[in-house]
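Visitor: This is the structure, below, for whatever I ask next.
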Ligand SMILES: *Cc1c(COP(=O)(O)O)cnc(C)c1O
């Protein structure tokens with residue numbers, strides 16, 4: 001009998017998050033204030049984030065203790081299983097061994113509550129009463145709505161109009177947990193009213209929804225803003241994924257040869273991969289490959305420039321040094337909504353720049369081919385985002401078959417696709433488009449980058 005699932009006890013839940021900033025070859029380039037051109041300080045961020053998170057954002061301590069109330073909330077569904085994909089291996093006739101870390105078991109259906117819970121907790125501790133955020137496809141909004149409920153905070157979600165209209169079930173999930181959800185642009189903020197004046201039928205955009213949530217938080221004393229990816233503290237909270245997975249691989253008697261995760265803003269990839277990258281940074285596991293998979297429609301690592309850019313379309317955030325397609329770049333409407341972002345987490349970018357990790361871009365039809373093959377062998381219906389990782393895992397396993405290599409491939413299955421069946425339906429009807437990498441549009445957007453002297 002071959003063991004399928006590697007399960008940890010609740011007592012094996014990590015006690016500390018891993019902060020990769022302690023081990024990077026060089027300190028991360030600092031965020032820059034777009035007005036002054038100078039590095040930003042804690043005071044610039046204080047209207048938006050609680051001090052504990054601002055501290056974590058710049059900390060270079062290797063291990064940061066997870067507060068007990070956060071661990072208690074994690075125990076609702078953590079530790080998550082590490083599963084050997086035996087049926088997928090058999091279908092591929094590969095000598096490779098494939099494992100996935102299964103983050104779709106959380107109440108919101110993805111990895112995102114790992115940071116939502118931590119953020120809600122620190123806000124609560126500092127007397128905040130209400131959180132404001134944006135959501136595109138609805139995954140981050142539902143994670144924060146769930147976390148806010150656990151810590152008895154109000155939660156206001158600005159949901160991009162087109163998703164609000166087309167994806168009512170994510171909205172209803174957020175409302176079930178007690179969040180109030182408005183379509184963005186809304187009449188609740190001046191940014192929203194200006195956008196509605198300019199075009200009353202606008203479908204909205206993530207950049208505009210960010211502007212609304214930031215304005216909401218900055219203009220109220222009882223409210224702070226919450227972001228679901230990209231920032232250092234977000235990726236650090238997600239490292240519970242990789243820390244658990246390393247223990248589980250030990251139980252399985254395995255050492256990973258290839259680590260794979262999908263990247264939108266970089267949080268599930270960073271959370272899963274950084275504890276493994278720590279071994280490489282310490283001079284161990286030299287041959288291990290770590291692969292980030294992005295969509296061909298928004299290929300920020302493989303086709304973007306490594307420069308300072310705004311985090312949002314509306315140019316309200318600090319400037320971050322990252323691989324970017326340009327803040328004005330609007331990714332084509334692929335169904336992996338969580339991967340449609342112009343930039344990438346600065347820590348992921350620094351590792352890519354140092355050639356410690358690899359990146360590859362895939363099209364959405366081959367991605368859905370992989371999703372269907374996974375669903376029909378392993379059973380779980382993956383989120384379209386996660387399916388980007390599965391595509392590369394399958395390709396690697398097939399390469400192992402050709403080469404007769406028994407590699408150990410481990411990937412993060414970041415969420416389930418139960419709210420994405422509309423996309424599955426279009427794929428099954430052969431109605432999905434592969435968008436070519438929009439080189440011309442990216443050139444235009446990169447021409448509009450802010451000038452930074454550092
Ligand atoms: C949001 C999301 C992503 C992409 O965001 P990252 O910050 O890159 O992880 C990937 N998978 C799922 C299931 C998501 O909900």
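Visitor: If you line up the Cα atoms of segment 313-398 on their principal axes, what length do they span on each, largest first, in Å?
Guide: Taking the Cα atoms of segment 313-398, the three principal extents are 44, 30, 18 Å.
Visitor: Hey, fewest Cβ within 10 Å first, where do 391, 426 land in order?
Guide: Exposure proxy ranking, most exposed first: 426, 391.
Visitor: Something else now. Take the alpha carbon gyration tensor of segment 348-454, find the square roots of its eigenvalues, order them as a ≥ b ≥ c, and report rounded if a/c is under 1.5; if not, report prolate when a/b exceeds b/c, else oblate.
Guide: Cα axes put segment 348-454 in the oblate bin.
Visitor: Could you check the spin-label model distance between residue 441 and residue 220? Points 7 Å from the Cα along Cα→Cβ, value in nm.
Guide: Inter-label distance under the simple model: 3.4 nm.
Visitor: Residue 286 versus residue 180, label points 7 Å from Cα toward the beta carbon: distance in nm?
Guide: Result: 6.0 nm between the two label points.
Visitor: If you rank 335, 111 by fewest surrounding Cβ atoms within 10 Å, what's the result?
Guide: 335, 111
Visitor: Let me ask you something else. Let me know the shape class of the chain, please: from the alpha-carbon gyration tensor, a ≥ b ≥ c as square roots of the eigenvalues, rounded when a/c is under 1.5, otherwise prolate if a/b is greater than b/c, or oblate.
Guide: rounded
Visitor: Which of the peptides 196-205, 73-82, 150-159 is most tightly packed, and how do the rest follow, going by the mean number of other Cβ atoms within 10 Å of each residue?
Guide: Taking the mean over residues of other Cβ atoms within 10 Å, the ranking is 150-159, 73-82, 196-205.
Visitor: May I ask for the angle, rounded to the nearest 10°, between helix 139-150 and the longest principal axis of the chain, with both axes built from Cα atoms and the value confined to 0 to 90°?
Guide: Compared with the principal axis, the helix lies near 80 degrees.
Visitor: Right, another one. How would 233, 363 line up from fewest to most surrounding beta-carbon atoms within 10 angstrom?
Guide: Ranking 233, 363 by Cβ neighbours within 10 Å, fewest first, gives 363, 233.
Visitor: While we're here: At 222 nm, what helix-only mean residue ellipticity would the chain give, in deg cm²/dmol to the nearest 500, using -39500 (n - 2.57) for each DSSP H run of four or more?
Guide: Taken over the chain, the calculation gives -12000 deg cm²/dmol.
Rule-based calculations on the coordinates, nothing more; no lab input. On a predicted model such as this, the values are computed, not experimentally measured, just so you know. All Cβ positions, glycine included, derive from the backbone under ideal geometry; neighbour counts span all protein chains shown.
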